[in-house]
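Asker: Before we start, here is the structure in question, set down as structure tokens.
The values are calculated or read from the model by the stated rules, or taken from the named source; none is laboratory data. These figures come from a predicted structure and were not determined experimentally. All Cβ positions, even for glycine, are placed from backbone atoms using ideal geometry, and neighbour counts span all protein chains on display.
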Amino acid sequence: MQKTAIQNPTRSRTGGVSITTTTEKVLSGALIATIIIASVVIFVVIRKIPSVGRIRAINCAVYADAACTIEVTEIDWGTLSPGDLAGLTVYIKSIGNENFTMTIHSEQWVPVYADTYLTLDWNYTGVLIEPNDVVPTLITLYVDPTIAGVDTFSFLIVITAEAVPTE
């Protein structure tokens, strides 16, 4: 799978939206040897292996292209002005073997009050997504015209897929 960067896939009135795609894998280990002295010397070896990763929405992945070759790992909304509506089309692909529907929400806003002025939304209507389906979805960010005290912002977009039992 190709991992590249795309700049300005769509434009708002005052700025562009860009996607950065990267994957970093970090694997390191630490070996701790503990000597316990009793009547006999015992060596205890503990291997601690840190693990890192990304949690995907259940059974789906988000891509920047319709061919589903460029995975989205970050959305850069660029510079926005009060009243702007920025949008980006992503392609959500079912990579599992279950039917599902999705929800979206945001969390971990910085600053914490930014979500008072910034509204995340999408045009997904709740249609059932089946294995291998690709659903083009427009994600939007609206900036309230009365925004105050927010010069820069960051937040997480959380897409949750919920399995729908087959009948």
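Asker: Please verify whether residue 101 is touching a Leu at 6+ places or on another chain (Cβ under 7 Å), more than 18 Å from residue 87 (Cβ to Cβ) and surrounded by 13 or more Cβ atoms within 10 Å (Cβ to Cβ), treating the condition exactly as stated.
Answerer: Here the answer is yes, as residue 101 does meet what is asked.
Asker: Out of all the residues in the stretch 103-120, which are more than 16 Å from the chain's Cα centre (by Cα) and of a type in the set (Asp, Glu)?
Answerer: Within the stretch 103-120, just 115 meets the criteria.
Asker: I want to confirm something. Restricting to the stretch 121-134 and keeping residues that are surrounded by fewer than 16 Cβ atoms within 10 Å (Cβ to Cβ) and under 18 Å from residue 75 (Cβ atoms), which single residue is nearest to the chain's Cα centre (by Cα)?
Answerer: 121
Asker: Among the residues in the stretch 105-117, are any surrounded by fewer than 16 Cβ atoms within 10 Å (Cβ to Cβ), of a type in the set (Phe, Trp, Tyr) and part of a loop (DSSP other than H, G, I, E, B)?
Answerer: So far as the stretch 105-117 goes, yes, one or more of its residues are surrounded by fewer than 16 Cβ atoms within 10 Å (Cβ to Cβ), of a type in the set (Phe, Trp, Tyr) and part of a loop (DSSP other than H, G, I, E, B).
So that you can scan it fast, the table gives a plain yes or no per residue for (1) of a type in the set (Val, Ile, Thr); (2) modelled with pLDDT of 95 or more:
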| site | (1), (2) |
| --- | --- |
| 100 | no, no |
| 119 | yes, yes |
| 125 | yes, yes |
| 152 | yes, no |
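Asker: Further question: Among the charged types (D, E, K, R), modelled with pLDDT under 95 and farther than 23 Å from residue 144 by Cα: does that describe residue 74?
Answerer: no
Asker: Quick one: count up the residues across the stretch 145-167 that are outside any strand (DSSP E or B) and either under 16 Å from the mean Cα position of the chain (by Cα) or surrounded by 13 or more Cβ atoms within 10 Å (Cβ to Cβ) (or both).
Answerer: The number of residues fulfilling the criteria is 4.
Asker: If you take the residues of the stretch 60-86 that are of a type in the set (Asp, Glu) and assigned to a loop (DSSP other than H, G, I, E, B), which of them is surrounded by the most Cβ atoms within 10 Å (Cβ to Cβ)?
Answerer: Within the stretch 60-86, the match that is surrounded by the most Cβ atoms within 10 Å (Cβ to Cβ) is 84.
Asker: Can you give me the number of residues within the stretch 86-110 that are within 26 Å of residue 151 (Cα to Cα), without any contact (Cβ under 8 Å) to a residue 60 or more places away in the chain and not β-branched (Val, Ile, Thr)?
Answerer: Going through the stretch 86-110 one residue at a time, the tally reaches 5.
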